[in-house]
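The values are calculated or read from the model by the stated rules, or taken from the named source; none is laboratory data. If you're wondering where the values come from, they're calculated on a predicted model, not measured in any experiment. Don't worry about glycine lacking a Cβ; one is built from the backbone with ideal geometry, like all the others, and counts go over all protein chains shown. Side chains included, ligands, DNA and RNA excluded: accessible areas come from the protein's heavy atoms. Shrake-Rupley method; radii C 1.70, N 1.55, O 1.52, S 1.80 Å.
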Amino acid sequence: MNVAAPAPGGAEAIADLGHEVYQIDTFMAGYDRISAGYLIRADRPCLVETGTAASAPVVRDALARLGTGPADLATVVVTHIHLDHACGIGDIAQMFPSAEVVVHERGAPHLADSELLMASAQMAWGDRLDELFGTLAPTSAERIRAVQQTGTIDLGGGRRLESHYAPGHATHHISLVDSLTGDLYVGDAAGVYIPATGDLRPATPPPDFDLQTALQSLRTFAALRPSRLLFSHYGPVQDVETTLDRAAEEINVWVDETRRAKGLGLELDHAAAMVAERTGERYAIMRDGADPQLAVKYGHVGGTKINVPGISRWLGKRPRRPLTPASSAPRTPT
């Protein structure tokens, strides 16, 4: 495991993004710069994303450094209930007893009763579950507010977060726009951004990936005209239009390559290897001379072994159609 040099929760793990927005490195599985939470230190402070269960004390300590104590945090929002984003929510709820917990309505029951979610995760991750995510502690149902297609989170002083349903990556995914800054918290709906290399890779895990709804969510993002994209994996991106176009292109490329692998009758492991080989040159992280540890740590969120099975599952539900070249993939309208 690559244990990061900065002290979790220390000043080095906090980045001031302006307008009282702070990025917090949640140190997923001990790795730095792989998974982020964000504190909006408004009149009613709000935390977006908690990270894993092991991230909860890291986030608590970072919030303390930013002057947000147990009685101060008003709201915690998770973009969706995948464990790299929300496994710490029950622990954070206990640490910050005044905070309301906001999640999409499809995810709310699993935060109140996490037994089925954890059982499913155990089947998917096996012995690695505890190492990567830990255990999702339940949150009292009375503290959970479920949002639907849209919702509003009051940050005080006239500032608010507007939530927008953004499925495709997950059926319980929302993204959030800050009314003051225009920042869009994209969760995983625009993929995985790697700040060290500038790469953008798709996030298409099972069981919920759906190509058309994923592309529609990207079109929704473009229509919102955000000033900046804040990725949960990882960090801020200023070039919104180009990045959303890239996100759509990468999804289409991976779908086309996975379709080819399935057409050859390959098992999932071989299909993932084939997609990795055929798309490797698209990413600086995979080229000769790149730090091999970057590929290892970002493989936990943006690797083919995680994401090709989601595409394969979706393809299995679709009628067969002729192969199309990746270059013909539609771009995201602006």
Could you look through segment 49-79, keep only residues that are out of contact with any strand residue (DSSP E or B) (no Cβ under 8 Å at 6 or more places or on another chain) and open to solvent by less than 10 Å² (accessible area, probe 1.4 Å), and pick out the one that is nearest to Arg106 (Cα to Cα)? Thr52
Test for Thr279: is it among the β-branched types (Val, Ile, Thr), closer than 23 Å to Gly299 by Cα and surrounded by 24 or more Cβ atoms within 10 Å (Cβ to Cβ): no
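Residues are listed down the side, and each one gets a yes or a no for (1) in contact with a Gly (Cβ under 8 Å, 6 or more places away or on another chain); (2) open to solvent by 60 Å² or more (accessible area, probe 1.4 Å):
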{"residue": "Gln216", "(1), (2)": "yes, yes"}
{"residue": "Pro226", "(1), (2)": "yes, no"}
{"residue": "Tyr234", "(1), (2)": "no, no"}
{"residue": "Asp245", "(1), (2)": "no, no"}
{"residue": "Val255", "(1), (2)": "no, no"}
{"residue": "Glu267", "(1), (2)": "no, yes"}
{"residue": "His270", "(1), (2)": "no, yes"}
{"residue": "Ala284", "(1), (2)": "yes, no"}
Considering segment 65-89, residues that are touching a residue at least 40 places away in the same chain (Cβ under 8 Å) and over 18 Å from Ser163 (Cβ atoms), and then whichever is nearest to the chain's Cα centre (by Cα), we arrive at Asp84
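Within segment 243-263, identify whether any single residue is among the polar types (S, T, N, Q), in contact with a strand residue (DSSP E or B) (Cβ under 6 Å, 6 or more places away or on another chain) and modelled with pLDDT of 95 or more, and answer yes or no. It would help to see each step written out before you state the result.
Our first condition is that a residue be among the polar types (S, T, N, Q); within segment 243-263, this holds for 243, 252, 258.
Subset that is in contact with a strand residue (DSSP E or B) (Cβ under 6 Å, 6 or more places away or on another chain): 243.
With modelled with pLDDT of 95 or more added as a condition, the list becomes 243.
Checking segment 243-263: at least one residue is among the polar types (S, T, N, Q), in contact with a strand residue (DSSP E or B) (Cβ under 6 Å, 6 or more places away or on another chain) and modelled with pLDDT of 95 or more.
How about segment 95-153: which of its residues are of a type in the set (Asp, Glu) and over 24 Å from Pro207 (Cα atoms)?
First, pick out the residues of segment 95-153 that are of a type in the set (Asp, Glu): 100, 105, 113, 115, 127, 130-131, 142.
If the condition is that a residue be of a type in the set (Asp, Glu) and over 24 Å from Pro207 (Cα atoms), then Glu100, Glu142 are the ones that fit.
Confirm whether Asp130 is in contact with a strand residue (DSSP E or B) (Cβ under 9 Å, 6 or more places away or on another chain) and either open to solvent by 10 Å² or more (accessible area, probe 1.4 Å) or of a type in the set (Val, Ile, Thr) (or both).
So Asp130 does not fit the description; no.
On the given criteria, is Tyr185 within 24 Å of Arg287 (Cα to Cα) and touching a strand residue (DSSP E or B) at 6+ places or on another chain (Cβ under 7 Å)?
Working: within 24 Å of Arg287 (Cα to Cα): no; touching a strand residue (DSSP E or B) at 6+ places or on another chain (Cβ under 7 Å): yes.
Against the criterion (within 24 Å of Arg287 (Cα to Cα) and touching a strand residue (DSSP E or B) at 6+ places or on another chain (Cβ under 7 Å)), Tyr185 does not qualify.
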Long-range neighbours under 7 Å by Cβ, at least six apart or interchain, first residue within 13 Å of Ala53 (Cβ to Cβ) and free of Cβ contacts under 8 Å to residues at least 60 places away in the same chain within segment 116-139, second open to solvent by 20 Å² or more (accessible area, probe 1.4 Å) and hydrophobic (A, V, I, L, M, F, W, C): Pro138/Ala112; Thr139/Ala112
So Pro205 fits all but one of (1) touching a strand residue (DSSP E or B) at 6+ places or on another chain (Cβ under 8 Å); (2) in contact (Cβ under 8 Å) with a residue 12 or more places away in the chain; what number is the exception? (1)
Would you confirm whether any residue within segment 308-324 is closer than 26 Å to Ile34 by Cα, modelled with pLDDT under 95, among the hydrophobic types (A, V, I, L, M, F, W, C) and open to solvent by 60 Å² or more (accessible area, probe 1.4 Å)? no
Among Glu131, Glu162, which is the only one that is within 18 Å of His80 (Cβ to Cβ) and acidic (Asp, Glu)? Glu162
